[in-house]
Amino acid sequence: MTRLVEVPTSFDDRSFDQFAGAFAQAADGERLLFDAHAAEWASPYGLVGLLAAGQAAARRGGDKPLLTAPTNGDVLGYWARAGFFREASELFEIHGKIPRTKPLEESDVLLDVTPVRAAEDVHQVVSRIQERASAILAVKLGLDPKATMGFAMALSEACQNIVEHAGTGGWVAVQSYHWRRRLGRQVVVIAVADAGVGFRHSLEPTQSKRFGDRWGDGAALEAALIQGTSRFRDPGRGQGLAGIRRYLSRWDGKISIRSGTARIAIVPKWDDDVPMREGLPPFPGAQVLIIIPEQGSATP
Amino acid sequence: MIQRIDVHEVLQRRVSGVYADLVTRPTGRAVREDIERTIAADAQARVTVIDFTRVGCVDYSCADEIVAKLLRDTRVILLLRGINDGHREAIEPVVRSAGLAVVVEGPDGALDVLGSPDAAAHLLDQLVAQQLAARTPGGGFFLTAA
C-alpha cells in the first residue's frame, strides 16, 4: 500500500507542520508518495525539509519513496535551479520531467541545496557563500560589508549542528528574495534540515535530569538555544547557537528550530511567530530557519 | 623569546590546501594540536605570536577550539596578530565567556586585550611585570620583547 503525503502548495516553515502531520501518519515499511504536483511555491526551508522527509522515509525501510514533481514550469525550474532534484534523485523515485538547470551566477539562490555530511562540507559551504553573499548582503539588505563574515560564521555553526549532533547527513540552502507576503522587504534565508536524532535525543544524557518532568523536545530546544547547553561536557561547547543569536540580534534577524514535536524561535518585532510551540506532529531530526531582513526600511 | 606561528600556513598544511577559513571543530582541533606541538618544541619562548593575517572566516567553534583552549592550557603568553573585525567577532565572546583574556596586536603595534575585564587587567599587569610590554605615555601598551 502507498500512503500519500501531500506537499503544501505554498511550502514553507508555516505549512511544514501540515506536511509533518501527513508524514507522521505513515507506518514503518509503508511506501510513501510525496505529492508536489500542485506546488506553487517552496521556500528553502520547504525544500530541505522535503529532503529530510525522504531521508527519514528511506530509513523506515521498504521501497524508495515516490515524489511527483511540480507541474508548474516556473516552480519546477526554480526547484531545479535550487539544486533540489540533484539531491532528491538519490532519495526518491521522481515522477515528472525535470528541466536542465542553468548556472547560478544571476540567481538569488546564494547557495543551492547542498549536502552536509562532514566538516569538509561545512568548509565548502562557507567558502562558496563568501564569494556569492557579500554583494547581496551589502546592496540588497543594507548590511555593513563586515557583516558578511558574521553571516558565514552563522551559516557554519548552523551546518555544524548536523555534523556534530544529527548522527546523519542533512542539507543547507541559502536564498535571497523579496518577502512580499509576510514582510514586504528583501530577506536572506538560511535553511538547514536533517532527519537525524534531534535535539532531545542528543541532549538527553546530560540534560534530562535537570529538567525532570519538563523534559521533552521543547525543553531540549530551550536548553540548546536559550541556555547554550551542549551534549559535550567541554566548557567551550554551546558557542555556536549563542553566536548565531548574537549575530541575529544585531541585524534584527530571526531563528527558529523545529525538532521532534516542538519548535522554538527568537522572534523579532517584525514577526508574529510564537517563541515556543509544542505538541506538533512529530518529525525526525532538526530543521533550522534563519532570516535576516533588509535593514532600515519601513516596518510592514 | 618570541615564537611566531602563521595560522594560515598551519591550516593549509594540516587540514586543506584549498580553504582559508577556520571553521568546524575538527579543523580547530587539528590546527590547535599543531600549534601546541610547535610551542612545546621551543622551551625558551615566553610569547607566542599567532598570526591570523591570511585567514578568512573564523567561526565560534574554531575560536573556542584554538584560542580559548590554547589560553587554558599553554605556559606561554599568546599574542594574536592580523586580527580583523570578523575574527574579533568570533574570538572576543568565546574568550570572555570562558573568563579568559588574550592580547591582540594592532597594525600599528599597539596592544589591546580581548576577553573578561578581570582577566584582561591581570594579563596586562603580567606583560608589564615580565618586561614583555611597556606602557606608552598615552596609556596604551606595546610589545618590548624581541
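Summary table below
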quantity: Sequence ranges B:43-50, A:109-116, ranked by mean other-Cβ count within 10 angstrom, highest first; calculated: A:109-116, B:43-50
quantity: A:D273 paired with A:T168, simple spin-label distance in nm, labels 7 Å along Cα-to-beta-carbon; calculated: 2.3
quantity: Built amide H within the under 5 Å cut-off of A:A42, gap 5+; calculated: A:F11
quantity: Burial ordering of A:K209, A:K140, fewest other beta-carbon atoms within 10 Å first; calculated: A:K209, A:K140
quantity: Virtual paramagnetic centre 7 Å along Cα→Cβ of B:R13, amide N under 14 Å, in segment A:112-155; calculated: none
quantity: Where labels lie 7 Å past Cα in the beta-carbon direction, separation of A:Q227 and A:A27 in nm; calculated: 3.9
quantity: Rounded to 5, percent antiparallel among DSSP beta bridges of chain A; calculated: 75
quantity: Test item: B:15-27 mean partner chain Cβ contacts at 10 Å; calculated: 6
quantity: Shielding of A:126-135 by partner chains, average beta-carbon count, 10 Å; calculated: 2
quantity: Normalised contact order of segment A:1-41, rounded percent, pairs of Cα under 8 Å and 6 or more residues apart; calculated: 61
quantity: P(r), alpha carbons of chain A - 20 Å bins starting at zero, rounded %; calculated: 35, 59, 5
quantity: Cα-based equivalent ellipsoid, chain B: semi-axes from gyration tensor eigenvalues, Å; calculated: 24, 16, 14
quantity: DSSP-defined antiparallel bridges as percent of all bridges, segment B:21-146, nearest 5; calculated: 55
quantity: Global geometry of segment A:212-300, whether rounded, prolate or oblate, following the gyration tensor of its Cα atoms and the 1.5 cut on a/c; calculated: oblate
quantity: Cα gyration tensor shape for segment A:156-222, rounded if a/c is under 1.5, else prolate or oblate; calculated: oblate
quantity: Relative contact order of segment A:25-168, defined on C-alpha pairs under 8 angstrom at six or more residues apart (%); calculated: 19
quantity: Under 5 Å, built H, 5+ apart or other chain: amide partners of A:Q186; calculated: A:W179, A:E294
quantity: Cross-link reach list, lysines versus A:K254, counting only Cα pairs under 28 Å and skipping chain neighbours closer than eight places; calculated: A:K140, A:K146, A:K269
quantity: HN-Hα J in Hz across segment B:102-114 - Karplus 6.51, -1.76, 1.60, θ = phi - 60°, x for Gly and Pro; calculated: 9, 8, 10, 9, x, x, 8, x, 5, 9, 10, 10, 9
quantity: Axial C-alpha extent at least 20 Å, average Kyte-Doolittle at least -1.0 - helices from chain A (DSSP); calculated: A:44-59, A:119-135, A:147-161
quantity: Loop sites in segment A:162-247: chymotrypsin sites (Phe, Trp or Tyr not before Pro), DSSP, at most 14 other Cβ within 10 Å; calculated: A:F232
quantity: Residue mean of other protein chain beta carbons inside 10 Å, B:97-105; calculated: 1
quantity: Distance between modelled label sites at A:S10 and B:R54, nm, 7 Å Cα→Cβ extension; calculated: 5.1
quantity: FRET efficiency for A:Y177 and A:D74, using Cβ-Cβ distance with R0 set to 22 Å, rounded to 0.05; calculated: 0.95
quantity: Charge sum, other residues only, whose C-beta stays under 11 Å from B:I50's C-beta, Lys/Arg counted +1 and Asp/Glu -1; calculated: 0
quantity: Amide H partners (placed H, <5 Å) of A:L110, local residues excluded; calculated: A:V174, A:Q175, A:S176
quantity: Sequence-separation-based contact order of chain A, relative, with Cα cut under 8 Å and 6+ spacing, percent; calculated: 17
quantity: Order by protection proxy (mean Cβ within 10 Å, highest first), peptides A:6-19, A:45-58; calculated: A:45-58, A:6-19
quantity: Computed E for B:T144/A:R86 - FRET, C-beta separation, R0 56 angstrom, nearest 0.05; calculated: 0.45
quantity: Neighbour-count order for A:E40, A:E30, A:E222, A:E131, fewest beta carbons within 10 angstrom listed first; calculated: A:E131, A:E40, A:E30, A:E222
quantity: Segment A:188-260-segment A:109-175 distance, computed between alpha-carbon centres (Å); calculated: 18
quantity: Efficiency of FRET between A:R59 and A:K97 - r from beta-carbon atoms, R0 30 angstrom, step 0.05; calculated: 0.55
quantity: Cα gyration tensor shape of segment A:74-206, rounded if a/c is under 1.5, else prolate or oblate by comparing a/b with b/c; calculated: oblate
quantity: Sorted by Cβ density within 10 Å, fewest first, the residues A:R100, A:R250, A:R237; calculated: A:R100, A:R250, A:R237
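No value in this document is a laboratory result; all are computed from the given coordinates. Small disclaimer: the values here were computed from a predicted structure and weren't measured. Neighbour counts run over all protein chains shown; Cβ positions are idealised from the backbone, glycine included.
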